[in-house]
Amino acid sequence: MTDPASGQARATGATPDPEGRREPIVELERLRFCWHAGAAPVLEIETLRVERGERVFIEGPSGSGKSTLLSLLAGVIVPQQGTLQVSGARLDAMSGSARDRHRADHIGYIFQLFNLIPYLSMIENVTLPCRFSARREAHARARSGTAQAEALRLLAHLGMGDSGLRARPVTGLSVGQQQRVAAARALIGGPSLVIADEPTSSLDAAHREAFLQLLFRECTQAGSTLVFVSHDCSLATLFGRTLHLSAINRAWRCDAGAGIGSAS
Ligand SMILES: Nc1ncnc2c1ncn2[C@@H]1O[C@H](COP(=O)(O)OP(=O)(O)OP(=O)(O)O)[C@@H](O)[C@H]1O
Ligand SMILES: [Mg+2]
């Protein structure tokens, strides 16, 4: 596959090494993370590897560290110990500004709380990553001519193509509609890693299916790897692999979340 942004051949991960392993997009070793100095760790993971093109489903009780892990993969926060490599970069050894640039180029993030920008229009929200990343702008142009046209294409596939809907302020959209705008924003420009934090929790069954179809199709076409968190375990069968965070996170004590995790 050719990367439209660079014109260079892009590894699709389709060719395994002699051990049958493809290029890693996420590789972490002996990772330890605490939110505050001196506090108990929230995450202690010995090893985790996600290969290019994989679709990984992550599940775990509320408070077990799913969103924290995703923030680490996006380089929003860094571990106090261990190594963390994402899309070829050692995030644990990079400055904050270098991580910001890396995130703009390589990560599409669908936040648990969407994080749409209230004073921007729907299209401006979706094309925002292209303003921060020439690489993603080039990819969007190669796909649809302009970033705006690519935003319209993605939104139409998510059932958000109605011009009346697009004219509304994003704060005037339903929660499920905001979630779909957030998804289009994450997908634009073909990021190498798409991170989705409970992206279907506000969607009805029909929109959930359209949403997942779009997510899978766009990730496949762009060669993107997908890491997807959800409490809805019925979705796990649609993914290549399921990670049970409470099983790989040594810092998670089930007694700490008892009665809370089961409720969400
Ligand atoms: N910004 C923060 N500052 C301090 N502690 C935090 C912060 N964010 C999360 N935590 C704590 O880290 C732990 C893991 O939280 P996290 O949000 O990663 O869980 P989660 O598995 O995503 O839960 P949920 O399923 O409810 O979204 C919790 O104990 C939480 O209180
Ligand atoms: Mg969470």
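The values are calculated or read from the model by the stated rules, or taken from the named source; none is laboratory data. Keep in mind it's a predicted model, so treat the numbers as computed, not measured. Glycine also receives a Cβ, built like all others from the backbone with ideal geometry; neighbour counts cover every protein chain displayed.
Overview of values
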read-out	value
Helices (runs of 4 or more DSSP H) contained entirely in the range 89-177, each with at least 2 residues that are in contact (Cβ under 8 Å) with a residue 40 or more places away in the chain and closer than 27 Å to GLU209 by Cβ	122-132, 134-144, 147-157, 163-167
Cβ-Cβ under 7 Å pairs, at least 6 apart or on other chains, the range 181-204 side free of Cβ contacts under 8 Å to residues at least 40 places away in the same chain, far side surrounded by fewer than 23 Cβ atoms within 10 Å (Cβ to Cβ) and among the β-branched types (Val, Ile, Thr)	SER202/VAL175
Unique match (being farther than 25 Å from ARG253 by Cβ and out of contact with any helix residue (DSSP H, G or I) (no Cβ under 8 Å at 6 or more places or on another chain)) among ARG22, ARG30	ARG22
Scan of the range 63-80 for residues that are under 17 Å from VAL50 (Cβ atoms) and either more than 14 Å from ligand 2 (Cβ to nearest atom) or in contact with a helix residue (DSSP H, G or I) (Cβ under 9 Å, 6 or more places away or on another chain) (or both), ordered by number	GLY65, LYS66, LEU69, LEU72, LEU73, ALA74, GLY75, PRO79
Some residue of the range 128-150 being aromatic (Phe, Trp, Tyr) and more than 22 Å from VAL229 (Cβ to Cβ)	yes
Count of the range 58-88 residues which are within 14 Å of ligand 1 (Cβ to nearest atom) and within 22 Å of PRO199 (Cα to Cα)	19
Residues within the range 60-88 that are part of a loop (DSSP other than H, G, I, E, B) and surrounded by fewer than 19 Cβ atoms within 10 Å (Cβ to Cβ), tallied	7
Meets criteria (away from ligand 2 (no atom under 16 Å from the Cβ) and either within 18 Å of the chain's Cα centre (by Cα) or aromatic (Phe, Trp, Tyr) (or both)) for LEU91	yes
Leading residue by the ranking (farthest from the chain's Cα centre (by Cα)) among those in the range 225-254 that are within 29 Å of GLN81 (Cβ to Cβ) and hydroxyl-bearing (Ser, Thr, Tyr)	SER246
One residue from ARG22, ARG30, ARG49 being away from ligand 2 (no atom under 16 Å from the Cβ), of a type outside the set (Val, Ile, Thr) and at pLDDT below 95	ARG22
The listed residue being acidic (Asp, Glu) and either within 16 Å of ligand 1 (Cβ to nearest atom) or in contact with a strand residue (DSSP E or B) (Cβ under 6 Å, 6 or more places away or on another chain) (or both), out of ASP105, ASP100, ASP92	ASP92
Selection count, the range 195-230, where residues are within 16 Å of ligand 1 (Cβ to nearest atom) and either touching a Lys or Arg at 6+ places or on another chain (Cβ under 8 Å) or within 11 Å of PHE57 (Cβ to Cβ) (or both)	7
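Every residue, every condition in (1) at pLDDT 95 or above; (2) of a type outside the set (D, E, K, R); (3) touching a Ser or Thr at 6+ places or on another chain (Cβ under 7 Å); (4) on the phi > 0 side of the Ramachandran plot, yes or no:
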| residue | (1), (2), (3), (4) |
| --- | --- |
| SER95 | yes, yes, no, no |
| THR127 | yes, yes, no, no |
| ARG135 | yes, no, no, no |
| SER144 | yes, yes, no, no |
| ALA147 | yes, yes, yes, no |
| ASP162 | no, no, no, no |
| ALA167 | no, yes, no, no |
